[in-house]
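The values are calculated or read from the model by the stated rules, or taken from the named source; none is laboratory data. Just so it is clear, the structure is predicted and the values come from calculations on it, not from any experiment. Don't worry about glycine lacking a Cβ; one is built from the backbone with ideal geometry, like all the others, and counts go over all protein chains shown. Areas reflect the complete protein model, heavy atoms only, side chains present, ligands, DNA and RNA absent. Shrake-Rupley method; radii C 1.70, N 1.55, O 1.52, S 1.80 Å.
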Amino acid sequence: MIVREAIYHRPKLNWSFAVDSRHVAVRLRTKRDNVASVTLHWRDKYAWEQSLGATEMEKFASDALFDYWEATVEPPFRRLAYYFELRAEKERVWFTEGGCFDRLPERPQHFEYPFIHPADVFAPPEWVKEAVFYQIFPERFADGDPSNNPENTQPWGGKPEWHSFFGGDLQGVLDHLDHLSELGVNAIYFTPIFEAPTNHKYDTRDYFKIDPHFGTKETLKRLVAECHKRGIRVILDAVFNHCGKTFPPFEDVLARGADSPYADWFHVREWPPEVKEGMPTYDTFAFVPEMPKLNTGNPDVRNYLLEVARYWIKEADIDGWRLDVANEIDHSFWREFRRVVKAAKPDAYILGEIWHDAQPWLQGDQFDAVMNYPFTNAVLDFVARGALDGKGFADALGGLLASHARPVTEAAFNLLDSHDTARLLTVCGNDKRKMKLAVVIQFTFPGVPCIYYGDEIGMDGEGDPDCRKCMVWDEHAQDRELFRFYQRIIRLRREHAALRTGRLRFVRAREGDGLVAYERVAEDGERFLIVLNNGDAPRSLALETEHEQWEDAFAGTIRRTADGKLRLELEPYGFQLLRKTNGPE
């Protein structure tokens, strides 16, 4: 029996969305393994009989409780009225905006996608789908200009502490761009580079000045220009939720209290602003007194920050912004921010730092993407922590795929570690087999992969500050085999559209088992099969492939059995990437 309580759809959001200026994707949720097939019946509401259509929906994802179905249609007049027909054995149910019915009503109440407006099409910059990001924490990447080092600079490679400096700067990045080009990345995300007293620079003193320990505005302009020559995009960190205690407007508030002309630039709960019994009397980031929260509801604050966003795009030709603590700033500010940034550079990438479900920010009026920590957690829970088996892993990723519109998923910023987390190798228990397994998932999953500096040469580290070690530049101390692995997986992703924008479908994912297989299929028929052995024993897998021809796209052993099946042999924590070579199905 079809479980009607589980059936769900509503127009817009991730349930019906414009894929482009002509096509609409429509989704439906049903109870898992409860419905055999779904047909989407659709038409134009003003051309009733002339525009009838019926499209079979595809089950594109599942999670622990539900199946998710999708169909993409091209309404002739960009308007869509529709309802669903569900089938299971001998049962049929019609689902309309008026509810579920055993028989289709004579005048069904249709769901509607009213009209495809170009402004409503979620369209992140096209270059982002081709990007492989590399995150750099500037103070720890390379010391290219010792003359600008702080007085208390420690010898390069020492143990990082909360307040230690090692002299990394923008010139150091310039000096090592060959490393990034050799690796194959084509985009950089920098943590903050504006003037601030700390090594991390998340406590900004001057938003219009490059920190003197990192260089000058001219250094940044040279760096961006050189990156662009190499085909590398550059995005900077915008810390607009809060500033630093040395930000001049806040210093004025500390000095003059409520009489300061900047008093409303901040959220002071009790005057004077001070720390009382360990707690600041003003709003801050995470109760850190040195990071007072900015009042983005104040017009002067908004104008100041929006000018910062515009200034560095125009002045240095940067390619976008990563937005720190983005979920703690009001939506109206981010809508205005988007208008300003896109006017300055239409293909700028706007990336929000949000660690949880971020759908309210991803409707096309605010961000192009967020840092995809739900993806991070699913991968690490499966590969590193052992908290998910194959089915649990597939369910987690299936739910993630269903939770956002397809264009959102394709632009998501998929990371496995960062300056805010323990390093990937450490989370994997220093087992490089597990690390590689996680990276294979990252580079074969929809979205934009990002490598945290040094992961590619085997750097480890616990949480902050240990994850912010100095980059290792002595090649004898680097893991060059791991570097070559990253080169190959990056090259594979950049060369094949199926791994960037192809549909994903799980082929094998079972309870209590770590042997998982999924495929990526592009619109032109290009097809990849990714097989993962997340276990400490060798595994083999026989696949029914008929007369299809496959090539080993990465490494491993492929052989056919006597009955023609394809048999894969996987080492513990091993993987196989297969590519179909005999054209579209």
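Per residue, the accessible area of segment 259-406 comes to 38 Å² when a 1.4 Å probe rolls over the protein heavy atoms.
In segment 131-177, carbon and sulfur make up what percent of the accessible area (probe 1.4 Å)? Mind showing how you got there, number by number?
Numbers: 970 of 1900 Å².
Roughly 51 percent of what the probe reaches on segment 131-177 is carbon or sulfur.
Straight-distance candidates among the lysines for linking to Lys276, with alpha-carbon spacing under 25 Å and chain neighbours fewer than 8 residues away dropped: Lys245, Lys293.
Scan segment 306-384 for trypsin sites (Lys or Arg not before Pro) in coil per DSSP, keeping those whose Cβ has at most 12 other Cβ atoms within 10 Å, and list them by number. The qualifying sites: there are none. Taking all protein chains as they are arranged and a probe of 1.4 Å, the heavy atoms of Tyr113 leave approximately 10 Å² accessible to solvent.
Sum up the charges of everything whose Cβ sits under 12 Å from the Cβ of Ser403, counting Lys and Arg as +1 and Asp and Glu as -1, but leave Ser403 out.
Its environment carries a net charge of +1.
Compute the accessible area per residue over segment 419-523, keeping the other protein chains in place, probe 1.4 Å, unit Å².
Here the per-residue accessible area is 35 Å².
For segment 240-279, the set of trypsin sites (Lys or Arg not before Pro) satisfying both a DSSP loop assignment and a count of at most 15 other C-beta atoms within 10 Å is given as Arg269.
Over segment 88-241, the Kirkwood radius and the radius of gyration, each from Cα atoms, give a ratio Rg/Rh of 1.33. Put the Cα centre of segment 192-234 next to the Cα centre of segment 22-41 and the gap is 48 Å. Once all protein chains are placed together, Trp156 keeps about 90 Å² accessible to a 1.4 angstrom probe. Model label points for His331 and Val472, set 7 angstrom from Cα along the Cα-to-Cβ axis, are 4.7 nm apart.
Which of these values of percent of Cα pairs over 43 Å apart was calculated from the structure shown: (i) 52; (ii) 23; (iii) 27? Of the listed options (i) 52; (ii) 23; (iii) 27, (iii) comes from this structure.
Of the residues Ile193, Cys227, Phe285, the one whose Cα sits farthest towards the positive end of the charge dipole of segment 170-305 is Cys227 (charges of +1 on Lys and Arg Cβ, -1 on Asp and Glu Cβ, taken about the Cα centre).
Pick out, in residue order, every one of the trypsin sites (Lys or Arg not before Pro) in segment 369-452 that is DSSP loop and has at most 16 other C-beta atoms within 10 Å; say none if there are none.
Arg385
Could you tally the net charge around Leu499, taking each other residue with its Cβ under 10 Å from the Cβ of Leu499, Lys/Arg +1 and Asp/Glu -1? Neighbour charge sum, excluding Leu499 itself: +3.
Computed about the Cα centre, the dipole magnitude for the chain is approximately 1660 debye when only Lys and Arg (+1) and Asp and Glu (-1) carry charge, each at its Cβ.
DSSP beta bridges fully contained in the chain are about 75 percent antiparallel.
Evaluated at q = 0.11, 0.14, 0.15 Å⁻¹, a Debye calculation over the C-alpha positions of segment 148-237 (equal weights, vacuum) places log10 I(q)/I(0) at -0.33, -0.53, -0.61. The lysine pair tally for segment 78-222, using Cα distances under 30 Å and a gap of 8 or more places or different chains, is 11.
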